[in-house]
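The structure appears right after this line, and notes come after that.
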Amino acid sequence: MSFKLGIRREDKNRWERRVPITPEHVKILKEKHGIETIIQPSKIRVFTDEEYKKAGATVSEDLSPANVVFAVKEIPIDFFKPGKTYVFFSHTIKGQKYNMPMLKKMMELGCNLIDYEKIVDEHGRRLVFFGRYAGLAGMVDTLWVFGQRLKWKGIENPFTQVKQTIYYTGLNEIKNHLKKVKEEIEKKGIPQDIAPIVVGFAGYGNVSKGAQEILDVLPVEEIKPDELENIHRGYSDNVIYKVVFKEEHMVKRVSNTTSFDLQEYYNNPRLYESVFHQYIPFLSILMNCIYWEEKYPRLFTKSFLKKNFSNKMKLQVVGDISVDINGAIEFTEKTTTPDNPVFVYDPVRDEIIDSYKGDGVAVVAVDNLPCELPRESSQSFSETLLRFIPDIVKADYSVDFENIDLPIEIKKALILLRGKLTPSYQYMSRFL
């Protein structure tokens, strides 16, 4: 029996150049597993059609010979075919309204849906992800905004040297350039009118680790959240201070009990309220890297910003990598794009302007940050996905859910089987 997989062309926007499977791994799948690949042609993809041809793939608009189709972003409704299996980031598990028509169409056609976001280990940790690269690109873009905003305020600073991620050739160039910025900070120090520079990271997962990886190229000293209120006593102007916030720092039980129970917070977030506002006055940059749903308290509200805003406010930029509109960062009013990554939210007027200039706080809210590092992020993603691909392609999806022969990690990520919600995803029916 011959096995074929398809790779859909990404066309959500002109920046989406990523792929789920690289030419290198297409070749391995053919030679070691007998799996043929059909890929749609693309003029913007980071790996060219020719690279895929050399790896043994067939380049064709028609993916119908493939029983399983892999993609990165959401797929248009008119693309789906009856009974096929689709593997992509569906952005449906929170009941996202804009993707419910897509999910309904897949159900009508009896499709199978595997979502990368739900491929996790026994501890619930994601196994196939772009998160690190979102953090890497988001931190670079945020440092660029920070430098430009300070310059607009008349403050010369070493961060004006930092470019946007899309203007670097890749991660190596970024890190080598930041090493030069590090040398300048160590030699000349931070200007007194912005020192000490404190960068806060809300969250500690893959996204946060990626963002910290970039900041850590610079001269960094890590401090604890409870050390922030004394940061102005005896600080150094030759380092950047980093602080990482976990759930226990960001929320407290409404009943004011001193103990914090992480599992209780996840299960009953209504019992908790945000206390994050206590840290905001000490931060120069805030990187939001948390997973958030409406049931959780917000980190940073519009009302708090309005009550406490002045043009002397220390906080200059929020790098909202999580990008939940009006979510954890309530004044994230919209998403931005790689070529125009920032807007300023004016809390007095409750308005935004597409710029790093203006009264308020700048927000970086690019919703597809990994595409700013398309080659490296695709290579990393494909490497983690590769071990699951043969089982996904060769599985028999005509059997009952209990009997389907898939690795447990993939079985847990199977949202639809022949158009029906699988047991773990029955809750999604209320969104339909």
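Nearest 5 percent is fine: what portion of the DSSP beta bridges confined to the chain is antiparallel? Antiparallel bridges make up about 30 percent of those DSSP assigns within the chain.
Computed about the Cα centre, the dipole magnitude for region 20-148 is approximately 220 debye when only Lys and Arg (+1) and Asp and Glu (-1) carry charge, each at its Cβ.
Sequence-distant or interchain residues sharing an amide H contact under 5 Å with residue 42, placed H: which? When sequence neighbours closer than 5 places are left aside, the close amide H contacts are 49. If you take the square roots of the eigenvalues of the alpha-carbon gyration tensor of region 358-432 and sort them as a ≥ b ≥ c, do you get rounded (a/c under 1.5), prolate (a/b over b/c) or oblate? Oblate, because a/c is 1.5 or more while a/b does not exceed b/c. Derived from the Cα gyration tensor, the three semi-axes of the equivalent ellipsoid of region 76-181 are 41, 16, 13 Å, largest first.
Couplings 3J(HN,Hα) for region 359-371, derived from phi with the Karplus relation 6.51 cos²θ - 1.76 cosθ + 1.60 (θ = phi - 60°), are 6, x, 10, 6, 10, 9, 9, 6, 8, 9, 3, x, 6 Hz, where x marks Gly and Pro.
Give me the percent of accessible area attributable to carbon and sulfur for region 1-82, probe 1.4 angstrom. Don't jump to the answer; show the numbers that get you there.
Values: 2010 of 3990 Å².
Its accessible area is 50 percent carbon and sulfur atoms.
Gain in length, residue 270 to residue 177, computed as 0.36 nm per residue apart minus the alpha-carbon separation, to one decimal in nm? Provide the component values of the computation, followed by the final result.
Working: separation 93, 0.36 × 93 = 33.48 nm, distance 4.49 nm.
Result for the pair: 29.0 nm of gain on full extension.
Take the Cα of residue 254, step 7 Å toward its Cβ, do the same at residue 294, and the gap between the two points is 1.7 nm.
Computed from Cα atoms, the angle from the helix 206-215 axis to the main principal axis of the chain rounds to 50 degrees.
Taking the DSSP bridge list for region 308-432 and keeping only pairs wholly inside it, about 70 percent are antiparallel.
Length gained on full extension, residue 152 to residue 64, computed as 0.36 nm times the residue gap minus the Cα-Cα distance: 26.3 nm. On a per residue basis, region 193-349 carries 46 Å² of accessible surface, using protein heavy atoms and a 1.4 Å probe. Summing Cβ point charges (Lys, Arg +1; Asp, Glu -1) relative to the Cα centre of the chain gives a dipole of roughly 440 debye. Each peptide in 307-320, 186-199 was scored by the mean count of other Cβ atoms within 10 Å over its residues; highest first, the order is 307-320, 186-199. Shown in residue order for region 132-147 are the 3J(HN,Hα) couplings computed by the Karplus curve 6.51 cos²θ - 1.76 cosθ + 1.60 at θ = phi - 60°: 4, 6, 4, x, 4, 5, x, 5, 4, 4, 5, 5, 4, 4, 4, x Hz (x for Gly and Pro).
Backbone N atoms of region 204-240 closer than 17 Å to the 7 Å Cα→Cβ label point of residue 188 belong to residues 218-219, 237-240. Between residue 351 and residue 51, the simple spin-label model (points 7 angstrom out along Cα→Cβ) gives 4.5 nm. Once the Cα atoms are used to define both axes, helix 171-188 deviates from the longest principal axis of the chain by about 10 degrees. Annotation: amide H-H contacts under 5 Å for residue 155 (H modelled 1.01 Å from N, sequence separation of 5 or more, or interchain): none.
Classify region 45-125 as rounded, prolate or oblate, taking a ≥ b ≥ c as the square roots of the eigenvalues of its Cα gyration tensor: rounded when a/c is under 1.5, otherwise prolate if a/b is larger than b/c and oblate if not. Working shown, then result.
On the way: a/c = 2.05, a/b = 1.38, b/c = 1.48.
It comes out oblate by the Cα gyration axes.
In the context of the full set of protein chains, region 17-81 has a per residue accessible area of 46 Å² (1.4 Å probe). Ordered by solvent-accessible area of protein heavy atoms (1.4 Å probe), largest first, the residues 92, 58 come out as 58, 92. Here the Karplus relation 6.51 cos²θ - 1.76 cosθ + 1.60, evaluated at θ = phi - 60°, turns the backbone of region 57-69 into coupling constants of 7, 9, 9, 7, 5, 8, 9, 4, x, 8, 7, 10, 10 Hz, with x for every Gly and Pro. For region 281-388, the fraction of 1.4 Å probe accessible surface lying on carbon and sulfur atoms is 44 percent. Gain on full extension, evaluated as 0.36 nm per residue between residue 312 and residue 398 minus their Cα-Cα distance, stands at 24.6 nm. Residue 194 sits among other residues whose Cβ lies under 12 Å from its own Cβ, and their net charge, with Lys and Arg +1 and Asp and Glu -1, is +2.
The values are calculated or read from the model by the stated rules, or taken from the named source; none is laboratory data. None of the values given here were measured: they were computed from a predicted structure. All Cβ positions, even for glycine, are placed from backbone atoms using ideal geometry, and neighbour counts span all protein chains on display. Note: areas computed on protein heavy atoms with side chains; ligands, DNA, RNA excluded. Shrake-Rupley method; radii C 1.70, N 1.55, O 1.52, S 1.80 Å.
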